[in-house]
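A quick write-up on the structure given underneath.
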Amino acid sequence: MLCRAALSCRGPTHGRSLISRVRTTVSSHLKYVPSSVTAQQHPRQWSNIPFMTMPLIRSHGKPFAHRSELKHAKRIVVKLGSAVVTRGDECGLALGRLASIVEQVSVLQNQGREMMIVTSGAVAFGKQRLRHEILLSQSVRQALHSGQNQLKDMQVPVLEARACAAAGQSGLMALYEAMFTQYSICAAQILVTNLDFHDEQKRRNLNGTLHELLRMNIVPIINTNDAVVPPPEPNSDLQGVISIKDNDSLAARLAVEMKADLIIVLSDVEGLFDSPPGSDDAKLIDIFYPGDQQSVTFGTKSRVGMGGMEAKVKAALWALQGGTSVVIANGTHPKISGHVITDIVEGKKVGTFFSEVKPAGPTVEQQAEMARAGGRNLATLKPEQRAEIIFHLADLLTDHRDEILAANRKDMEEAEEKGRLAPPLLKRLSLSTAKLNSLAIGLRQIAASSQDSVGRVIRRTRIAKELELEQVTVPIGVLLVIFESRPDCLPQVSALAIASGNGLLLKGGKEASNSNQTLYRLTQEALSIHGVKDAIQLVNTREEVEDLCRLNKLIDLIIPRGSSELVRDIQKAAKGIPVMGHSEGICHVYVDNEASVEKVTRIVRDSKCEYPAACNAMETLLIHRDVLRTPLFDQIIDMLRVEQVKIHAGPKFASYLTFSPSEVKSLRTEYGDLECCIEVVDGVEDAIEHIHKYGSSHTDVIVTENEATAEYFLQHVDSACVFWNASSRFSDGYRFGLGAEVGISTARIHARGPVGIEGLLTTKWLLRGENHVVSDFSEQGSMKYLHENIPLPQRTSS
């Protein structure tokens, strides 16, 4: 066994890139420099990642049961497979990838964790060096004998792995030392063989060396001593003491020996699949449990290295049994390799997580598949059957009122005790008899108006004789609705999903868990009358919202219901899934110089004060400059003061006043409380320009008695909802007569404004022919296109 500590622990060197400094450092070990590293492989900036302020303390025992617990890992082993360390040509190292890995390990080390690396790469590095030396030697000899340098005729002999390892190990370690030095971290090399684990004295020596290095905040870099490694002992794998025949088994043996909390195994695949990656229907396994091996079909091993996925799984299960958690993930993908290690430690859904604790219910992936199948069954029901489900749910809300309110009181008490929710959110969390009655009325409206929503023909065309085309409405597929604090959202959204025939995943906030569970159980009861209870699923697992947003193969549309911060986070996290919603509700009320005094105060009061936390509440009051210093202006200010609304002055408004309220920091502020901004404009054109510059395209209002001015405002303001002499609070699905809404969208594609049943539908084309083929419509063909519009069937009035 060899132990070699890094000789240099200098701080960062400035002026040159990390890659160029590393290449300079290892040039004495290797004359031939690998091909340039792409921009994607350069290390990320990490100085803005916050370090942990509390020491990480965990007594080693059982492995972590859930991904979210990985953030508590204190001692971590990172295993780098040959495919991760080497370039695609298997000759030389992937410098950019290694630099990124070293950066991530350094971040975690500087957070107070104890990091160890089990690395491959010595053989590849040595192969590169020896090939260069052989070619150079051959070219010299050939030049001496023939006077010509005919490199193209030269052949490199097959290189023996042990020789390559001997030639490459020193260069590999020099590379790691140079990279870790950039982050003021020391590294130490340890080469091991089977004997270091099977011989008790050597095992104690190894253990002592590793503990001493970790105590001194040094990162041990461990590799099998491939220059002298003996063959693995036959039939000794996983027999209590694992045989070290590859770096997967080495990482597992080392982690258990050192009582590590976590092994991160980086390979060239995303994780463990239920069948060979790349094959049809191969699915990534999110969580793997002992005993699941029979459900997996293993493929061939990696393009390089000794161990395939089967070897990784065996080693992972052995480590799991020894008390160490394991994640297998992709360390080669350019878009994720730069943060894969830190993402895993943060508990994000990356790769395959090995756990001994099976969840009581289905995984979220299974729930999404159930919602897909259940939604398709729901869509095939007759319209009156879907309506019957919604009517029954409305009845259940009133029949079980006491039970629902009791669950909600429990949520309210817990929220008040913990003090986590602001008053506006507490108001959203609260249910009442009046709210439940309004809910039931809204659900009955949805049921009554949904009779011809799915399968409605919206276009008919006769393409040719006996060839007719129809465009019909169909469900979008599987919806994911994420909502905060508002348990009344659950039956509303469920009713809209039922009416539109969509499968539905619901993710509610923890603060409303008791209310949500009760309402979900009633929803399931209603769905059961026609055997489609799987169509709606409540996500109760520990899945993070960001992880749900990555299920692009299972979810067709995400609808966030909550704060602007939540919506922005979801829009940012969504991976290939459309998001319907609005990130902000910066709504304006413009008071024209021809506005009615009575209407202004009523509309402004209602827009701002009726429910200030709502997304359709007024945030900015625009006032025509002629209204300043008039009785109307005084009445507006007096009303806002009586309602205890805090006023912020816009730049123009502040310039008119000697003593003004605090000047607004930004005209793009959504206050969500009894606060608003007042700004002065020169007229309707100026008001429209202000709204387009600072608004969020949600809801904007004009108060005026001049019809021409009002129509100009209505036609020119480019928002989802534009009102004349009406409160901004009317921007709501229930108030629009939609029964309820899944949200308000400010997007410009598909639905816009309050989104009801129509916004949850898309279309498909149905073509009915009689032995028609396109070749019949060619110039020499016997048929001609007609493209005649066919009258639509009459819609039944609800």
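The values are calculated or read from the model by the stated rules, or taken from the named source; none is laboratory data. The structure displayed is predicted, hence computed values, not measured ones. Reconstructed Cβ throughout: ideal geometry from the backbone, glycine too, with neighbour counts over all protein chains shown. The accessibility values were calculated without ligands, DNA or RNA, using every heavy atom of the protein model including side chains. Shrake-Rupley method; radii C 1.70, N 1.55, O 1.52, S 1.80 Å.
Annotations
- When each of Lys259/Lys507; Lys553/Lys764; Lys435/Lys553 is checked by Cα-Cα distance, pairs over 27 Å: Lys259/Lys507; Lys435/Lys553
- Those aspartates and glutamates that a straight Cα-Cα span of less than 20 Å connects to Lys784, excepting residues fewer than 8 apart in one chain: Glu466, Glu468, Glu470, Glu770, Asp776
- Under 28 Å from Lys652, Cα to Cα: lysines that are on another chain or at least 8 residues apart: Lys599, Lys608, Lys665, Lys693
- Gap separating the Cα centres of the range 737-767 and the range 477-528, nearest whole Å: 18
- Loop sites in the range 652-714: chymotrypsin sites (Phe, Trp or Tyr not before Pro), DSSP, at most 13 other Cβ within 10 Å: Phe659
- 15 Å Cα-Cα reach of Lys127 towards aspartates and glutamates, excluding residues that sit fewer than 8 places from it in its own chain: Asp89, Glu90, Glu160, Asp226
- The Ala726 and Val472 beta-carbon pair, evaluated with R₀ = 30 Å, returns a calculated FRET efficiency of approximately 0.25.
- Of all accessible heavy-atom area on the range 402-493, the percent that carbon and sulfur account for (1.4 Å): 50
- Tail fraction, Cα-Cα pairs, the range 310-460, threshold 20 Å, whole percent: 74
- Pairs spanning more than 22 Å between alpha-carbon atoms, out of Lys74/Lys358; Lys74/Lys314; Lys62/Lys312: Lys74/Lys358; Lys74/Lys314.
- Label zone at Arg162, where the point sits 7 Å out along the Cα-to-Cβ direction: the range 175-218 residues whose backbone N lies under 18 Å: 191-196
- Mean-position separation - Cα centroids, the range 305-378 and the range 164-225, in angstrom: 29
- FRET efficiency for the pair Glu598 and Arg668, taken as 1/(1 + (r/R0)^6) with r the Cβ-Cβ distance and R0 = 45 Å, rounds to 0.90.
- Projected-area mean, the range 714-798, by convex hull of Cα positions, square nanometres: 10.3
- Among the GluC sites (Glu not before Pro) found in the range 414-506, those both in a DSSP coil and sparsely packed, with 12 or fewer other Cβ atoms within 10 Å of their Cβ, are Glu466.
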